[in-house]
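*Asks:* One structure, pasted below without further comment.
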Amino acid sequence: MTPTGDHRLLPAPLHALASIEFGYGAEGDGIDFESYPEFLSAEETTAWFRAWTGNGEVTGDAFRVFGQDGTGGLTAAWLVRPAAPLTAQPVVHLGSEGEMGVVARDLPAFLWLLADGFGPSEAVDPRERARPAHRVPELAALAARFAPERRQSGKAVMDEATDEFPDFEDGILRLCA
């Protein structure tokens with residue numbers, strides 16, 4: 001399931017995202033996310049996924065990890081669409097406490113999720129999903145730059161991802177030891 005193009009090079013939107021510093025306050029306001037300047041290596045991704053699942057037989061080949069939250073939960077492109085470019089792959093989050101989910105159906109949708117004030121860890125937490133959106137101007141500008149035709153609310157992004165990939169969690173749980 002390798003997407004088309006060089007799947008280890010950070011696409012331009014993620015490269016631009018890595019230059020943005022996310023604020024997350026003591027009161028839990030802001031977006032709990034740090035974008036990496038490059039993907040984790042294949043070896044690091046496999047080591048993480050084996051540790052996360054407790055299964056020494058799995059690989060991380062289906063993921064391109066590009067960020068984390070403050071607890072160490074990781075966010076990745078999930079390479080589930082054969083022959084599709086990396087930017088067309090869904091974005092997933094696997095948290096440090098076992099929380100997980102598909103947070104956006106593709107990278108353009110992920111940019112609009114962030115623009116509406118929701119990070120990956122917030123998107124997999126039912127309590128955070130229920131809170132009001134708050135537009136983040138710098139992230140909205142980034143989303144408008146890279147995905148102007150895909151403008152949508154964070155809630156719509158989360159709902160689409162959940163609707164399109166309802167079995168993600170069950171599939172990951174089947175890999176756990």
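*Asks:* Return the tail of the calculated pair distribution for segment 59-131, meaning the percent of Cα-Cα pairs more than 17 Å apart. Walk me through the numbers before you get to the answer.
*Replies:* Details: 1019 of 2628 pairs.
It works out to 39 percent of all Cα pairs.
*Asks:* Considering amide H positions built from the backbone, and no H for Pro or chain starts, which residues 5 or more places from Val103, or on another chain, come under 5 Å of its amide H?
*Replies:* Val91, Val92, His93
*Asks:* Continuing with this model, one more query. Output ³J(HN,Hα) for segment 36-46: one whole-Hz value per residue in order, computed from phi by the Karplus curve 6.51 cos²θ - 1.76 cosθ + 1.60 with θ = phi - 60°, and x for Gly and Pro.
*Replies:* 7, x, 7, 5, 4, 5, 4, 5, 5, 5, 5
*Asks:* Let me ask something else about it. Give me, ordered by chain and number, the residues 5 or more places off Phe63 or on other chains with an amide H under 5 Å from its own placed amide H.
*Replies:* Leu79
*Asks:* Just need the relative contact order of segment 12-175 here, percent rounded to a whole number, with Cα pairs under 8 Å and 6+ apart. Walk me through the numbers on the way to the answer.
*Replies:* Numbers: 297 pairs, mean separation 29.6, N = 164.
Reported relative contact order: 18 percent.
*Asks:* Working out 0.36 nm times the residue gap between Glu149 and Asp170, then minus their Cα-Cα distance, what length gain in nm do you get to one decimal?
*Replies:* Numbers: separation 21, 0.36 × 21 = 7.56 nm, distance 3.23 nm.
Between Glu149 and Asp170, full extension yields an extra 4.3 nm.
*Asks:* 222 nm [θ] for the chain, helices only, -39500 (n - 2.57) per DSSP H run of 4+, per residue, to 500?
*Replies:* -9500 deg cm²/dmol
*Asks:* Given (1) 31, 18, 15; (2) 27, 22, 12; (3) 23, 18, 16 as candidate values of semi-axes √(5λ) of the Cα gyration tensor in Å, which corresponds to the one derived from the coordinates?
*Replies:* It is the value labelled (3).
*Asks:* So what are the ³J(HN,Hα) numbers for segment 106-114, from phi and the Karplus equation (6.51, -1.76, 1.60; θ = phi - 60°), rounded to whole Hz, Gly and Pro as x?
*Replies:* After applying 6.51 cos²θ - 1.76 cosθ + 1.60, I find 6, 5, x, 5, 4, 4, 6, 4, 4 Hz.
*Asks:* So, by mean Cβ neighbours within 10 angstrom, what's the order for 136-143, 110-117, 63-70, 52-59 with the highest one leading?
*Replies:* Peptide ranking by packing, descending: 110-117, 63-70, 136-143, 52-59.
*Asks:* Enumerate the calculated ³J(HN,Hα) couplings along segment 10-16 in order (Karplus 6.51 cos²θ - 1.76 cosθ + 1.60, θ = phi - 60°), each rounded to whole Hz, writing x wherever the residue is Gly or Pro.
*Replies:* 5, x, 3, x, 6, 4, 5
*Asks:* Sort the following peptides by mean Cβ neighbour count (other Cβ atoms within 10 Å, averaged over residues), highest first: 8-19, 92-103.
*Replies:* Peptide ranking by packing, descending: 92-103, 8-19.
*Asks:* If we sort 73-83, 39-49 on the protection proxy, mean other Cβ atoms within 10 Å, highest first, what's the order?
*Replies:* 73-83, 39-49
We did not get these values from a lab; they are worked out from the coordinates using the rules stated. Just so it is clear, the structure is predicted and the values come from calculations on it, not from any experiment. Glycine also receives a Cβ, built like all others from the backbone with ideal geometry; neighbour counts cover every protein chain displayed.
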